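Asks: Here it is: the structure, laid out below.
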Amino acid sequence: MAAAAPAGAGTVRTTVTAPHGTGDATDVTLVLAAPVIGSVVPNQGPVDGGNTATLTGTCFTGATSVSFGAVAAAFIAVSATQVTAIAPAAPAGTVNVTITTPGGTSAGIPYTYVAAPVLSSVTPAQGPLAGGNTVTLSGTGFTGATSVHFGVNAAGSFAVVSPTQLTASVPTGGPGPVAVTVTAPGGTSTQAVSYYYLGAPVLDAVTAGSGQVAGGNSVTLTGTNLLQAAAVRFGATAATTYTIVSATEIRAVVPPGAAGTVPVTVTTPGGTSGSVTYLYLDVPVITGLAPGQGPSAGGTTVTISGIGLTYATAVLFAAVPAGFTVVSDTQLTTTAPPGAAGAVTVRVVTPGGTSIGLPYTRLGPPGI
């Protein structure tokens, strides 16, 4: 007669019962099936251990040990098909996880110890408070990275390019430096790598605020957060020459432009400033002097007609400056200075340049 043994382990007494009675008891030893591990989740972790791994499989009842390689792990038997274990510390590399029960020891299933990521640099290492810019992180151990943080703030997004490089979108933050960290299955990087949040530059003034369309004149820009300026623009045109004097001052050579007002901006890693205005002026033109002559003793009021006279800074009779009053863009009045009899050239000077001159004749006193 054949019979199937029930589950169990150890020695038990067996008897056979038939219609005519029960036979003598016999000692029979039951043998359990060996455990089988189907999966370990997660199947990797830090070399420092301490993370929880879940083993799923069969025949886990009565488990007596769980080992990661040759090292025993603390564990909790959840059911006949599941055990949770705390991974012990081990060097980087792959080991076999096994479980032992009264039925035997399972075949191993791989578990990989991963070294913590090492972060060596962030490029660029600075940017605006608003974030949103993309930076490149270099180092080692980035495979499987699960998060990138700038201080306490998680990156808006990130992408693992290779085990030694990833890109990240910088979150809002600052101002000032924050620590950048990468977290991967091997743990979180601990190197002191900083990213600096910069306030956007602010422009308060441009002095002088006007000049000739040909450019070439020097101006002073004042404001705040002007260090590390990457561009100074007059309208859409970048100044090719500028000097950062301090966080509050830049000196720039004005590029050529068209007559009219343009916005001036400064761009730094912190962003682009709001604008102040700069005025490009054409060279003034004078078309008439009334009267065109006067006594050599001076004192005659002369009306100068022309174009672009609003911003006059000087009226010259030859090389001699004369007092003047701007009436409009097309007219100003001046007082002729004294001088030797004869013709002199009258010119008007503005930030846009010096006009072509017109003759003014000084008359000597009448002869006797």
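Asks: Give the residues of the range 256-277 that are touching a Leu at 6+ places or on another chain (Cβ under 6 Å), over 11 Å from A230 (Cβ atoms) and not polar (S, T, N, Q), sorted by residue number.
Replies: Passing the criteria: only V276.
Asks: Considering the range 179-203 alone, what residues qualify as being of a type in the set (A, V, I, L, M), surrounded by fewer than 18 Cβ atoms within 10 Å (Cβ to Cβ) and assigned to a strand (DSSP E or B)? Working first, answer last.
Replies: Going residue by residue through the range 179-203, those that are of a type in the set (A, V, I, L, M) are 179-180, 182, 184, 192-193, 198, 200, 202-203.
Next, from what is left, pick out any that are surrounded by fewer than 18 Cβ atoms within 10 Å (Cβ to Cβ): 179, 192, 202.
Scanning the range 179-203 gives A179, V202.
Asks: Right, here's the next one. Could you list, in sequence order, all residues of the range 111-166 that are small (G, A, S) and under 30 Å from T54 (Cα atoms)? Spell out how you get there, then give the answer.
Replies: The initial filter retains those residues of the range 111-166 that are small (G, A, S), namely 115-116, 120-121, 125, 127, 130-132, 138-139, 141, 144-145, 147, 151, 154-157, 159, 162.
Matches in the range 111-166: A115, A116, G141, G144, A145, S147, A154, A155, S157, A159, S162.
Asks: Shifting gears a bit: Suppose we filter the range 204-237 for residues that are over 23 Å from the mean Cα position of the chain (by Cα) and not in a loop (DSSP other than H, G, I, E, B); how many remain?
Replies: Here is the first cut: in the range 204-237, the residues over 23 Å from the mean Cα position of the chain (by Cα) are 204-222, 234-237.
Among the residues that remain, those that are also not in a loop (DSSP other than H, G, I, E, B) are: 204-207, 210-212, 218-222, 234, 237.
Result for the range 204-237: 14.
Asks: Out of everything in the range 221-239 that is polar (S, T, N, Q) and under 27 Å from Y196 (Cα atoms), what residue ends up being surrounded by the most Cβ atoms within 10 Å (Cβ to Cβ)?
Replies: So in the range 221-239, the residues polar (S, T, N, Q) come out as 222, 224-225, 228, 237.
Add one more test, that the residue is under 27 Å from Y196 (Cα atoms), and what stays is 222, 224-225, 228.
Details: T222: 17, T224: 14, N225: 20, Q228: 15.
Among those that are polar (S, T, N, Q) and under 27 Å from Y196 (Cα atoms), it is N225.
Asks: Hey, can you tell me all the residues within the range 240-250 that are over 16 Å from D204 (Cα atoms) and buried (at least 16 other Cβ atoms within 10 Å of the Cβ)? Spell out the reasoning first.
Replies: Here is the first cut: in the range 240-250, the residues over 16 Å from D204 (Cα atoms) are 240-243.
Hit for the range 240-250 is Y242, nothing else.
Asks: Quick one: which residue in T325, T335, T330 is touching a Gly at 6+ places or on another chain (Cβ under 6 Å) and modelled with pLDDT of 95 or more?
Replies: Details: T325 fails: touching a Gly at 6+ places or on another chain (Cβ under 6 Å); T330 fails: touching a Gly at 6+ places or on another chain (Cβ under 6 Å).
Every option except T335 fails the conditions.
Asks: Considering only the range 37-50, I want to know if a residue exists there that is of a type in the set (A, V, I, L, M, F, W, C), under 21 Å from G103 (Cβ atoms) and modelled with pLDDT of 80 or more. Don't jump to the end; show me each part of the working.
Replies: First pass over the range 37-50, keeping only residues of a type in the set (A, V, I, L, M, F, W, C): 37, 40-41, 47.
Right, trim to under 21 Å from G103 (Cβ atoms) and you get 37, 40.
Checking which are modelled with pLDDT of 80 or more leaves us with 37, 40.
Looking through the range 37-50, at least one residue is of a type in the set (A, V, I, L, M, F, W, C), under 21 Å from G103 (Cβ atoms) and modelled with pLDDT of 80 or more.
Asks: Separate question: Quick one: in the range 270-286, of everything that is buried (at least 22 other Cβ atoms within 10 Å of the Cβ) and among the small types (G, A, S), which residue is nearest to V348 (Cα to Cα)?
Replies: S273
Asks: So, in the range 251-263, of the ones that are surrounded by 15 or more Cβ atoms within 10 Å (Cβ to Cβ) and in contact with a Gly (Cβ under 8 Å, 6 or more places away or on another chain), which residue ends up farthest from T123 (Cα to Cα)?
Replies: G257
Asks: Does A322 fit the bill of being free of Cβ contacts under 8 Å to residues at least 24 places away in the same chain, surrounded by 14 or more Cβ atoms within 10 Å (Cβ to Cβ), more than 19 Å from G211 (Cβ to Cβ) and among the small types (G, A, S)?
Replies: Details: free of Cβ contacts under 8 Å to residues at least 24 places away in the same chain: yes; surrounded by 14 or more Cβ atoms within 10 Å (Cβ to Cβ): yes; more than 19 Å from G211 (Cβ to Cβ): yes; among the small types (G, A, S): yes.
Here the answer is yes, as A322 does meet what is asked.
Asks: Also: Please go through the range 37-58 and give me each residue that is among the aliphatic types (A, V, I, L, M) and surrounded by fewer than 16 Cβ atoms within 10 Å (Cβ to Cβ), ordered by number. Steps first, answer last, please.
Replies: Within the range 37-58, the subset among the aliphatic types (A, V, I, L, M) is 37, 40-41, 47, 53, 55.
Selection gives V41 alone.
Asks: Pairs under 8 Å by beta carbon, first residue more than 10 Å from Y280 (Cβ to Cβ) and of a type in the set (D, E, K, R) in the range 246-263, partner at pLDDT 95 or above and outside any strand (DSSP E or B), six or more apart or different chains?
Replies: E249/L226
Asks: Select from the range 127-139 the residues that are in a strand (DSSP E or B) and modelled with pLDDT under 95 and list them in ascending order.
Replies: Across the range 127-139, the qualifying residues are G127, P128.
Asks: With respect to A116, determine if the residue is surrounded by 15 or more Cβ atoms within 10 Å (Cβ to Cβ), small (G, A, S) and closer than 21 Å to G144 by Cα.
Replies: Numbers: surrounded by 15 or more Cβ atoms within 10 Å (Cβ to Cβ): yes; small (G, A, S): yes; closer than 21 Å to G144 by Cα: yes.
Taking the combined requirement at face value, the residue satisfies it.
Asks: Which of the numbered conditions does G62 fail, given that it passes all the others? Conditions: (1) touching a Cys at 6+ places or on another chain (Cβ under 8 Å); (2) at positive phi.
Replies: (1)
Asks: Could you please find all residues in the range 140-174 being touching a residue at least 40 places away in the same chain (Cβ under 8 Å), under 18 Å from Y197 (Cα atoms) and in a loop (DSSP other than H, G, I, E, B)?
Replies: Once the filter is applied, which keeps residues that are touching a residue at least 40 places away in the same chain (Cβ under 8 Å), under 18 Å from Y197 (Cα atoms) and in a loop (DSSP other than H, G, I, E, B), the range 140-174 yields V170, P171, T172, G173, G174.
Asks: Answer yes or no: is there a residue in the range 322-339 that is hydrophobic (A, V, I, L, M, F, W, C) and over 59 Å from the mean Cα position of the chain (by Cα). If you could, list the steps in order and put the result at the bottom.
Replies: Pass one, the range 322-339, residues hydrophobic (A, V, I, L, M, F, W, C): 322, 324, 326-327, 332, 336.
Okay, now just the ones that are also over 59 Å from the mean Cα position of the chain (by Cα), so 336.
Among the residues of the range 322-339, at least one is hydrophobic (A, V, I, L, M, F, W, C) and over 59 Å from the mean Cα position of the chain (by Cα), which makes the answer yes.
Asks: Which of the residues belonging to the range 69-82 are assigned to a strand (DSSP E or B) and under 15 Å from N43 (Cβ atoms)?
Replies: Once the filter is applied, which keeps residues that are assigned to a strand (DSSP E or B) and under 15 Å from N43 (Cβ atoms), the range 69-82 yields only A73.
The values are calculated or read from the model by the stated rules, or taken from the named source; none is laboratory data. Computed from a prediction, not measured in an experiment: that's the story for all the values here. Note that we place each Cβ from the backbone using ideal geometry, even for glycine, and neighbour counts take in every protein chain shown.
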